[in-house]
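The block underneath contains the structure these notes are about, expressed in structure tokens.
The values are calculated or read from the model by the stated rules, or taken from the named source; none is laboratory data. Bear in mind the structure is a predicted one, so any value in this text is a computation, not a measurement. Cβ coordinates were reconstructed from backbone atoms using ideal geometry, including for glycine residues, and neighbour counts include every protein chain displayed.
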Amino acid sequence: MNPLLQSLQPYPFERLRALTQSVTPSAAHRAISLGIGEPKHPTPPLIEDALMGALSGLSAYPATAGDPALREALAAWVQRRYGVSLNPGTQVLPVNGSREALFALAQTVVDPTRAGATVVCPNPFYQIYEGAALLAGAQTAFANSDASRNFAADWSQIDDSTWARTQLLYVCSPGNPTGAVMPLAEWERLFELSDRHGFVIASDECYSEIYFRDQAPLGSLEAAQRLGRGDFRRLLAFTSLSKRSNVPGMRSGFVAGDAQIVKQFLLYRTYHGSAMSPTVQRASIAAWNDEAHVQANRALYKRKFEQVTPVLAEVLEVALPDAGFYLWAAVPGGDDVDYALKLLAQYNVAVLPGSLLARTAHGANPGAGRIRMALVAGVEECLEAAHRIHQFTKDYRPS
């Protein structure tokens, strides 16, 4: 067996399942889960129709690079969304959801034979980043989020010697779980560090289309273009239809950016066997070419957050995030695991303890004392959960 598998930690939901084995959820309440960030809004009919109308594509082997029509649709969406022009043939590549691509990129760009090969991650973080780094033969370094700065990652925690060993930096904006969006000045700083030390930046942007204010979140390619980096050197942006279009089971997204990295990533993926089904490609074209369903989806999330957040803010330290579909709340007493287990037992509402999403770094676990709530269900169900949490928190006594 690959010995690097022993370095992986259990996924947060596995750890939560182990913690809740001895908990009997309240039978007086129907179960409501705010734990897993799995979109629950209906899949738009236009995507379902496109899937059903493209079943004849199953009779052919797909090209890993994707159909030119799909790559043109992806580039056109980037142009509309960010005002960025890409070459569909060299700067865009379809992937089977951003998750598998974020993992595969580390296997492509990390050179484990270089002493101290390092991958830098925000903390808390999407757990794929760590697993990808470790299985690529690298070590990890973490930049903790700073609650006083809207949960922005404190990149100054990474010292010069660590940056010098860094080969890959994962960025998540809008962030999971905090919802924080990186401003242009922060991108400029990371680009300067990348130029100085030569590492690749992987920008995870799968929550970019769920936001609550008039200004859409800044994307990495857009930031690079504004800063005169139109070649997108050492930069790849990752995005997905899962959250934008409510099709997590379709496994469809794309990467875009530096043509040289895209070329090498395509080479890796050709051998990895990660071509997208022709049927999914046709449905993806329909999804990327339509914004009406995205606007409707965003409006539903906005209405949900507008109703739920004030209820929770009466008893928890929580505020509307920049973007995404999570609320990142501080709990009374500071013990996120105790709070989550008792909430499940007394009110049958599942939330994810924040400490399970982070690692202890620089003397602290930045997820400790917080919970992540995924507002992915319908408005009524999320609001019912909020009222249960409100009542529970009023009576809660830490162990």
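Of note:
- TYR170 outside any loop (DSSP other than H, G, I, E, B), touching a residue at least 24 places away in the same chain (Cβ under 8 Å) and surrounded by 19 or more Cβ atoms within 10 Å (Cβ to Cβ): yes
- Of the residues making up the stretch 224-272, those that are outside any helix (DSSP H, G or I) and either in contact with a helix residue (DSSP H, G or I) (Cβ under 6 Å, 6 or more places away or on another chain) or touching a residue at least 12 places away in the same chain (Cβ under 8 Å) (or both) number 22.
- Whichever residue in the stretch 281-321 is under 30 Å from ARG71 (Cβ atoms) and touching a strand residue (DSSP E or B) at 6+ places or on another chain (Cβ under 9 Å) and, among such residues, is surrounded by the most Cβ atoms within 10 Å (Cβ to Cβ): SER284
- Pairs, first over 20 Å from GLU209 (Cβ atoms) and without any contact (Cβ under 8 Å) to a residue 60 or more places away in the chain in the stretch 79-95, second among the basic types (Lys, Arg) and crowded, with 23+ Cβ neighbours inside 10 Å, C-beta under 8 Å, six or more apart: PRO88/ARG71; GLY89/ARG71
- Evaluated against (1) more than 22 Å from the chain's Cα centre (by Cα); (2) at pLDDT below 95; (3) of a type outside the set (D, E, K, R), SER274 falls short on exactly one condition, (1).
- Hey, ARG80 buried (at least 18 other Cβ atoms within 10 Å of the Cβ) and either assigned by TED's automatic domain parsing to the domain that holds THR162 or modelled with pLDDT under 95 (or both) or not: no
- Taken as a whole, the structure places ASP338 among residues that are over 24 Å from ALA237 (Cβ atoms), among the charged types (D, E, K, R) and either in contact (Cβ under 8 Å) with a residue 40 or more places away in the chain or out of contact with any His (no Cβ under 6 Å at 6 or more places or on another chain) (or both).
- Enumeration of residues in the stretch 361-388 that are surrounded by fewer than 17 Cβ atoms within 10 Å (Cβ to Cβ) and in a loop (DSSP other than H, G, I, E, B): HIS362, GLY363, GLY378
- Within the stretch 336-360, considering residues that are out of contact with any helix residue (DSSP H, G or I) (no Cβ under 9 Å at 6 or more places or on another chain) and farther than 23 Å from ALA27 by Cβ, the one surrounded by the most Cβ atoms within 10 Å (Cβ to Cβ): ALA358
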